[in-house]
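Novice: Pasting in a structure now, in C-alpha coordinates, and then I'll have a few things to ask.
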Amino acid sequence: MRLAVWSVHLRRSHSPPEETVMAEFTMVLPQYGMGMQDGEIVRWLKQVGERVEEGENLVEVEAAKTTVEVPAPVSGILLRILVDSGDTVDVRAAIAVIET
(Lines give C-alpha, C1' and ligand atoms only; values in the text may rest on other atoms or scores of the structure.)
Protein backbone atom coordinates (compact mmCIF):
# COMPACT_ATOMS: atom_id res chain seq x y z
CA MET A 1 0.00 0.00 0.00
CA ARG A 2 2.77 2.45 0.87
CA LEU A 3 4.55 1.73 -2.38
CA ALA A 4 1.44 2.64 -4.40
CA VAL A 5 0.99 5.91 -2.52
CA TRP A 6 4.65 6.77 -2.97
CA SER A 7 4.59 6.12 -6.76
CA VAL A 8 1.49 8.28 -7.20
CA HIS A 9 3.20 11.04 -5.25
CA LEU A 10 6.27 10.83 -7.49
CA ARG A 11 4.18 11.17 -10.64
CA ARG A 12 2.44 14.20 -9.26
CA SER A 13 5.67 15.84 -8.15
CA HIS A 14 6.92 16.09 -11.72
CA SER A 15 5.84 19.19 -13.53
CA PRO A 16 2.90 18.49 -15.87
CA PRO A 17 3.56 18.55 -19.60
CA GLU A 18 2.64 21.78 -21.30
CA GLU A 19 -0.90 21.66 -22.57
CA THR A 20 -2.44 23.63 -25.36
CA VAL A 21 -5.88 24.87 -24.44
CA MET A 22 -8.24 24.93 -27.39
CA ALA A 23 -11.37 27.06 -27.48
CA GLU A 24 -14.48 26.82 -29.59
CA PHE A 25 -15.65 29.94 -31.41
CA THR A 26 -19.28 30.03 -32.57
CA MET A 27 -19.57 31.83 -35.90
CA VAL A 28 -22.82 33.69 -36.51
CA LEU A 29 -24.44 34.99 -39.69
CA PRO A 30 -23.41 38.65 -39.90
CA GLN A 31 -25.80 41.43 -40.92
CA TYR A 32 -24.90 43.10 -44.21
CA GLY A 33 -27.16 46.15 -44.20
CA MET A 34 -29.98 47.56 -42.10
CA GLY A 35 -32.77 45.65 -43.83
CA MET A 36 -31.15 42.23 -43.76
CA GLN A 37 -33.09 39.89 -41.47
CA ASP A 38 -31.96 36.49 -42.73
CA GLY A 39 -29.81 34.75 -45.31
CA GLU A 40 -29.70 31.49 -47.22
CA ILE A 41 -26.55 29.39 -47.06
CA VAL A 42 -25.59 28.88 -50.71
CA ARG A 43 -22.50 26.72 -50.16
CA TRP A 44 -19.68 26.07 -47.74
CA LEU A 45 -16.21 26.73 -49.13
CA LYS A 46 -14.49 24.54 -46.48
CA GLN A 47 -15.30 21.11 -45.08
CA VAL A 48 -15.40 20.02 -41.45
CA GLY A 49 -11.87 19.27 -40.26
CA GLU A 50 -10.17 21.74 -42.60
CA ARG A 51 -8.05 24.62 -41.37
CA VAL A 52 -9.38 28.14 -41.95
CA GLU A 53 -7.53 31.43 -41.63
CA GLU A 54 -9.07 34.62 -40.27
CA GLY A 55 -10.41 36.64 -43.21
CA GLU A 56 -10.50 33.63 -45.56
CA ASN A 57 -13.87 33.17 -47.27
CA LEU A 58 -15.71 30.34 -45.54
CA VAL A 59 -19.32 30.37 -46.76
CA GLU A 60 -21.46 31.93 -49.49
CA VAL A 61 -24.73 33.48 -48.33
CA GLU A 62 -27.59 34.89 -50.38
CA ALA A 63 -29.36 37.85 -48.82
CA ALA A 64 -31.70 40.29 -50.56
CA LYS A 65 -30.97 38.69 -53.95
CA THR A 66 -27.23 39.25 -53.54
CA THR A 67 -24.67 36.53 -52.89
CA VAL A 68 -21.84 37.46 -50.52
CA GLU A 69 -18.84 35.50 -49.31
CA VAL A 70 -18.56 35.52 -45.53
CA PRO A 71 -15.00 35.34 -44.17
CA ALA A 72 -13.90 33.32 -41.17
CA PRO A 73 -13.80 35.58 -38.11
CA VAL A 74 -10.94 33.59 -36.52
CA SER A 75 -8.22 31.14 -37.55
CA GLY A 76 -8.57 27.49 -36.58
CA ILE A 77 -10.15 24.17 -37.53
CA LEU A 78 -13.75 24.03 -38.78
CA LEU A 79 -15.28 21.72 -36.16
CA ARG A 80 -18.96 21.78 -37.06
CA ILE A 81 -21.24 23.18 -39.73
CA LEU A 82 -24.54 23.98 -38.01
CA VAL A 83 -26.55 25.06 -41.07
CA ASP A 84 -26.73 23.08 -44.32
CA SER A 85 -26.56 24.56 -47.81
CA GLY A 86 -30.03 25.64 -48.91
CA ASP A 87 -31.20 26.49 -45.39
CA THR A 88 -32.25 30.00 -44.41
CA VAL A 89 -31.23 31.39 -41.02
CA ASP A 90 -31.78 34.62 -39.12
CA VAL A 91 -29.06 37.23 -38.78
CA ARG A 92 -26.82 36.48 -35.76
CA ALA A 93 -27.85 32.80 -35.74
CA ALA A 94 -25.03 30.30 -35.14
CA ILE A 95 -23.86 28.76 -38.43
CA ALA A 96 -20.54 27.05 -37.59
CA VAL A 97 -18.06 26.24 -34.82
CA ILE A 98 -14.32 26.84 -35.25
CA GLU A 99 -11.73 25.44 -32.84
CA THR A 100 -9.11 28.10 -32.18
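Novice: Residue check: is V21 at pLDDT 95 or above, farther than 19 Å from R92 by Cβ, part of a loop (DSSP other than H, G, I, E, B) and among the aliphatic types (A, V, I, L, M)?
Specialist: So V21 fails the test.
Results for (1) in contact with a Ser or Thr (Cβ under 6 Å, 6 or more places away or on another chain); (2) at pLDDT 95 or above; (3) not in a helix (DSSP H, G or I), shown as yes or no for each residue.
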| site | (1), (2), (3) |
| --- | --- |
| V5 | no, no, no |
| L10 | no, no, no |
| Q31 | no, no, yes |
| M36 | no, no, yes |
| G39 | no, yes, yes |
| E60 | yes, yes, yes |
| E69 | no, yes, yes |
| V89 | no, yes, yes |
| A96 | no, yes, yes |
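Novice: A follow-up question, please. Inside the range 74-84, can you point out the residues that are buried (at least 18 other Cβ atoms within 10 Å of the Cβ) and in contact with a Phe, Trp or Tyr (Cβ under 8 Å, 6 or more places away or on another chain)?
Specialist: Passing the criteria: G76, I81.
The values are calculated or read from the model by the stated rules, or taken from the named source; none is laboratory data. Everything quoted here is computed from the prediction, not taken from an experiment. Backbone-built Cβ (ideal geometry, glycine too); neighbour counts: all protein chains shown.
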